[in-house]
Amino acid sequence: MNSFIRVRDGIRRFVLAREVLMLRIWNFIVAFVGMMVINSNFGYLKNLNHWYVNVAVAAISAFLPMNGAAALLALVLIADLTSLSLQVALIALGFWVVSIIVCAYFRSKNTYNTVVVPLTYSLNCPYVIAMGAGLLRDFKELTSVICGSVFAYYLHIIKINSSTILDETADISVISLLVVQMVQNKMFYIFVIAMVAMFITVYTLRQQSIRMSWLVADVAGVVVEFIIMLVGLIITSQRGEIGSLILANLVVFLVGVFMNYFILDLDYSRIEKVQFEDDDYYYYVAAIPKIRMVDEDKEIKTF
């Protein structure tokens, strides 16, 4: 355990000493993966479907804040959708713009979730964003999670109906697809409810004064979301998706554990009870010390 803590602290010191560089590398990786996801799931605009375009977009994103990098990815996605259908692209633009406005109204700072949730949905693991936002952010970020979930489901509908949209002989419009497969689709509402329930569960429990609150929140959030999605898959006769749901939740749980041990460092074995008073109140405080490894003093002897 001590060796693990030393490795973790060493990684922390390395990252913090190079914080700007690490943020740029992180933005580059996120943008590059995002471009690959866009090209693999859509890729209708052939001029964008090249590795050097992916690298160029990722390189620009590396020097932007995360919200700016997400906005760049959103514009690339919308430009790509214009080759599928102008109507599809305009509706996607409308979804994204409305999401930004709603996030601004509710003062949600992480508007990049409106883009990152759709990207992770394409990887069959959008719940990891609800988990991360619940552990690290405040309640206002629920807005960006909801907006991202709605946008993600719209893109999912477009993806599975792309051949029909491209078929000029097919007598169907994008609006009718939205009405039938989104507005009237039970699974859409179940998915959004599952994302909201996971965020609220994780956010609420990680603030409680209980031992290992982050791990408790991690487990509870995964269980709540899994039960809701499982019931939804059974109700909508999509039992074939249960296996991928189990795998996705395993990934989310492991991400939560990783975040707990690399971000939160509380030693619950040494909880201290502190009591003090002022003129008006008497205070009872539970102090949980952080885990700290004392560097070993090395004595060098010369013979």
For Ile190, work out the one condition from (1) buried (at least 20 other Cβ atoms within 10 Å of the Cβ); (2) under 25 Å from Ile235 (Cα atoms) it doesn't fulfil. (1)
Being touching a residue at least 12 places away in the same chain (Cβ under 8 Å) and either open to solvent by 20 Å² or more (accessible area, probe 1.4 Å) or touching a His at 6+ places or on another chain (Cβ under 7 Å) (or both) is the filter here, so list the residues in region 165-174 that pass it. Ile165, Leu166, Ser173
From the list Val150, Val202, Val179, Val128, pick out the single residue that is surrounded by 18 or more Cβ atoms within 10 Å (Cβ to Cβ), part of a helix (DSSP H, G or I), of a type outside the set (D, E, K, R) and free of Cβ contacts under 8 Å to residues at least 60 places away in the same chain. Val150
Lys159 meets each of (1) open to solvent by less than 20 Å² (accessible area, probe 1.4 Å); (2) within 17 Å of Phe191 (Cβ to Cβ) with one exception, condition (1)
Residue by residue through region 81-96, note down the ones that are of a type in the set (A, V, I, L, M, F, W, C) and part of a helix (DSSP H, G or I). Leu81, Leu86, Val88, Ala89, Leu90, Ile91, Ala92, Leu93, Phe95, Trp96
Scope region 69-105; condition more than 16 Å from Asn47 (Cα to Cα) and loosely packed, with under 15 Cβ neighbours inside 10 Å; matching residues: Leu86, Gln87, Leu90, Gly94, Val97, Val98, Ile101, Ala104, Tyr105
Return the only residue of Ser162, Ser149, Ser213 being touching a Leu at 6+ places or on another chain (Cβ under 7 Å), of a type in the set (Gly, Ala, Ser) and within 20 Å of Pro118 (Cβ to Cβ). Ser162
If a residue has to be farther than 30 Å from Ile11 by Cβ and in a helix (DSSP H, G or I) to count, how many in region 215-245 make the cut? 18
Kindly check whether there is at least one residue in region 213-227 that is over 29 Å from Lys273 (Cβ atoms), modelled with pLDDT of 90 or more and surrounded by fewer than 16 Cβ atoms within 10 Å (Cβ to Cβ). yes
Positions within region 5-33 being touching a residue at least 12 places away in the same chain (Cβ under 8 Å), exposed (fewer than 13 other Cβ atoms within 10 Å of the Cβ) and over 30 Å from Leu123 (Cα atoms), in sequence order: none
Counting only residues in region 180-201 that are of a type in the set (Phe, Trp, Tyr) and touching a helix residue (DSSP H, G or I) at 6+ places or on another chain (Cβ under 8 Å), the one farthest from Met229 (Cα to Cα) is identified as Phe199
Could you grab me the full set of residues in region 34-65 that are open to solvent by 30 Å² or more (accessible area, probe 1.4 Å), of a type outside the set (Ser, Thr, Tyr) and in a helix (DSSP H, G or I)? Met36, Lys46, Asn47, Leu48, Trp51, Val55, Ala56, Ala59, Ile60
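To keep it simple, each residue is scored yes or no on (1) at pLDDT below 90; (2) open to solvent by less than 40 Å² (accessible area, probe 1.4 Å).
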{"residue": "Gly243", "(1), (2)": "no, no"}
{"residue": "Ile246", "(1), (2)": "no, no"}
{"residue": "Leu250", "(1), (2)": "no, no"}
{"residue": "Gly256", "(1), (2)": "no, yes"}
{"residue": "Leu266", "(1), (2)": "yes, no"}
{"residue": "Lys273", "(1), (2)": "yes, no"}
{"residue": "Glu277", "(1), (2)": "yes, no"}
{"residue": "Ile288", "(1), (2)": "yes, no"}
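The values are calculated or read from the model by the stated rules, or taken from the named source; none is laboratory data. Everything quoted here is computed from the prediction, not taken from an experiment. Methodologically, a virtual Cβ is constructed for each residue, glycine included, from the backbone with ideal geometry; neighbour enumeration extends over all protein chains shown. To get the accessible areas, we keep the full protein, side chains included, count just its heavy atoms, and leave off ligands, DNA and RNA. Shrake-Rupley method; radii C 1.70, N 1.55, O 1.52, S 1.80 Å.
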